[in-house]
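Student: Got a structure for you, questions after.
A short reminder: the numbers here are calculations on the coordinates, not readings from a lab. Remember, it's a predicted structure, so these values are computed and weren't measured experimentally. Cβ atoms come from the backbone with ideal geometry, glycine included; neighbour counts cover every protein chain shown.
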Amino acid sequence: ETEDERTAQASQLFENFVQASTCKGTLQAFSILCRQLELDPLDYSNFYSSLKTAITSWKVKALWTKLDKRAEHKVYNQGKACQGTRCLIIGGGPCGLRTAIELALLGCKVVVIEKRDTFSRNNVLHLWPYTIHDLRGLGAKKFYGKFCAGSIDHISIRQLQLMLLKVCLILGVEIHVNIEFIKLVEPPEEQHEDSPGWRAEIRPSSHQVSEFDFDVVIGADGRRNTLDGFSRKEFRGKLAIAITANFVNRNTTAEAKVEEISGVAFIFNQKFFLELREETGIDLENIVYYKDHTHYFVMTAKKQSLLDKGVIINDYIETERLLSNDNVNQEALLSYAREAADFGTNYQLPSLDYAINHYGQPDVAMFDFTCMYASENAALIREKHGHQLLVALVGDSLLEPFWPMGTGCARGFLAAFDTAWMVRGWAQGRSPLEILAERESIYRLLPQTTTENISKNFEQYTIDPATRYPNLNSSCVRPHQVRHLFIDGQQDTCHLERGGPTRRSVNLTRREVRPGRLLTWCQKQTEGYRGVDVTDLTSSWRNGLALCALIHRQRPELIDYDSLNEEDVAGNNQLAFDVAEREFGIQPVTLGKEMARQPEPDKLLMVLYLSKFYEALYRLSS
Ligand code: FAD
């Protein structure tokens, strides 16, 4: 074998790995690669550089350049920032894998366990500009040539997992599939030199991972987080039933021509929804369509129309029962989603054949978003028999996303970076309470993040939160406020219980505001303002002056009311949206431009939006 032949063979093995299209296939191609090239994947701190030395073909150079550029960020201190730190990550979803990459770059020993061995979700994630930039920086194009070409800003969950898995492996992350995390195992009381530290009980229990000692554990196992000690807060909104549907994409010219539907624009398109209802009996609040590997639709449907169309059989108050398998007519659901998709794309998609899901069934599903969960805290520290363990949540475990808004991956990655930052502080030996207080301070920003209010300078993004959040205050939570998150077995049981799993669900149900009362309050607040005459919860708000007045009444310094121009509908509304978001944490429900485009704002949305003002301001106003 000549040198050239060896180079060519190595490059081919690597290409097989890069092109692998399943989870199992990727792991297999990786192990062949390592075996043939005699690389030891367990030698995690040298693995990446050994791989680079072994694979020198020009085709791969661009990838090495990208990864090198990332690894050179000062925060990683040349892969030594967290030397000696051992991390277990539970869950190989996008957020678990993204966290693993950062921890590996910091120099941690990282083990990921994933209970399944397939990546099978067709559903599509909306990507914010920063996530696209981030993924490109990790070589996304190399792993998936079609990644975000042109104006495309989405990716199927499985493609995303696949590319992140590959980057993980290249960086020396150890990945085990078909391993399910059960619970943490405390270090034993009797301590001698080689006593175990913190470990995990897993299924199957005989697997070597059960002997892995770690000092950081990350819960990235999705909405049903399995790590103890985190209470969840519940946000109960109005009834929201979402349907996802995936149809086969044959990539024909006819299909290519059909336009995507991005949610924001459609929220205000009343005419579309009225026509849909009249023509088909389908009643939706919103619909999103992305052309990806499949034709992917996600829509929020009104209960009554699901009942009328026979999708839901009996009407029950409890949503769980309402949407239980035996109360849903699957055939009717298939027709419902197909009809909505057909209408939404103006009957331009030639054949709407369902793609097949993980269970070999047509890929349609219905989910309840009436209650959404967020963890009360992002991290805690456990100490037992002299061993400290940093426990953190990322992704859906931390903050559940509302899919039609598509915030899951974007906020998930932000939390992944914030968590890596915390691990870095931990490895530097900062005090536990200081680290926890900082983490909670940053976590408070997460639910409010939007594409608009995070830093636009993506090139500067690192795990340092200051590079991403313009209005960062890392010390708004003080160390004494997170005392309960340091669990050292010293507290009395009562204290432990408070932080513990016994009271998981803290109900933060929003106070209901009746529209009549809301209107009266709004009228009182905006009385006497130039150009404002509030007579309803729709058209009176269109030009944005009433919103500005509402803010000005409480905090005159925030808005120069006299300078506002009645004609500048988009500008006035956007100003109010931005100020309310920044100052009161009220999330906007649309854009200023959208307000200008519509003859009158949508009543439901306005009620929702104004209710938040009421909640935020009424104490100040009464
Ligand atoms: P996930 O992607 O949920 O990953 C969690 C991983 O942990 C999974 O691979 C799971 O198998 C594994 N796991 C769970 N428990 C254990 C355990 N005990 N031990 C080991 N491993 C475990 N978002 C949208 O925006 N649009 C959509 O249409 C959409 N559809 C979805 C459909 C489904 C069925 C699911 C589950 C989620 C969907 N999401 C959707 C949410 C989106 O996938 C997540 O926001 C995104 O993937 C980031 O999530 P994550 O990595 O935190 O968790």
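Student: How many Lys pairs in the range 238-369 lie less than 24 angstrom apart by Cα atoms, where the lysines are 8 or more positions apart or on different chains?
Tutor: Number of lysine pairs found: 10.
Student: From the backbone phi of the range 201-214, what are the Karplus-calculated ³J(HN,Hα) couplings (6.51 cos²θ - 1.76 cosθ + 1.60, θ = phi - 60°) in whole Hz, Gly and Pro given as x?
Tutor: The phi angles translate into 8, 10, 10, x, 5, 7, 5, 4, 4, 5, 9, 7, 8, 9 Hz.
Student: Relative contact order of the range 238-369: what whole-number percent is it, with Cα pairs under 8 angstrom and at least 6 residues apart?
Tutor: Once divided by the residue count of the range 238-369, the mean separation gives 37 percent.
Student: Report the one residue of Ala576, Gln554, Ala420 whose Cα lies farthest in the direction of the positive end of the charge dipole of the chain (charges on C-beta: Lys and Arg +1, Asp and Glu -1; origin at the Cα centre).
Tutor: My answer, from the dipole projection, is Gln554.
Student: Something else now. Before anything else, pin down the relative contact order of the range 515-621: Cα pairs under 8 Å, at least 6 apart, normalised by residue count, whole percent.
Tutor: 27
Student: Cβ neighbours within 10 Å, averaged per peptide: list 356-362, 532-538 in order, most packed at the top.
Tutor: 532-538, 356-362
Student: Return the lysines within reach of Lys524: Cα separation strictly under 20 angstrom, same-chain partners fewer than 8 residues apart disregarded; answer none if there are no such residues.
Tutor: Lys603, Lys612
Student: For the range 128-135, take each phi angle, set θ = phi - 60°, evaluate the Karplus expression 6.51 cos²θ - 1.76 cosθ + 1.60, and give the result in whole Hz per residue in order, putting x for glycine and proline.
Tutor: Per-residue couplings from phi come out as 7, x, 5, 5, 5, 4, 4, 5 Hz.
Student: Over 46 Å, how big is the tail of the calculated P(r) for the chain, in percent of all Cα pairs?
Tutor: Of all Cα-Cα distances in the chain, 21 percent exceed 46 Å.
Student: Applying a 10 Å radius around every beta-carbon, put 561-572, 276-287 in order of their mean neighbour count, most first.
Tutor: Packing proxy ranking, top to bottom: 276-287, 561-572.
Student: Scan around Leu399 for amide H atoms under 5 Å from its own, H built in the peptide plane at 1.01 Å from N, and keep only partners 5 or more places away or cross-chain.
Tutor: Counting only residues 5 or more places away or on other chains, the set is Ser375.
Student: Using alpha carbons only, how many angstrom separate the centre of the range 368-383 from the centre of the range 18-67?
Tutor: One Cα centre to the other: 36 Å.
Student: Contact order normalised by length for the chain, with contacts defined as Cα pairs under 8 Å and 6 or more residues apart; what percent is it?
Tutor: Worked out over the chain, it gives 13 percent.
Student: In angstroms, what radius of gyration and Dmax does the range 238-369 have, counting Cα atoms only?
Tutor: 14.4, 46
Student: Note down the magnitude of the dipole of the chain about its Cα centre, charges +1 on Lys and Arg C-beta and -1 on Asp and Glu C-beta and zero elsewhere, to the nearest 20 debye.
Tutor: Its charge dipole is roughly 500 debye.
Student: Residue by residue through the range 410-426, which ³J(HN,Hα) values in whole Hz follow from phi under the Karplus form 6.51 cos²θ - 1.76 cosθ + 1.60 (θ = phi - 60°), with glycine and proline marked x?
Tutor: 5, 5, x, 5, 4, 5, 4, 5, 4, 5, 4, 4, 5, 4, 4, x, 4
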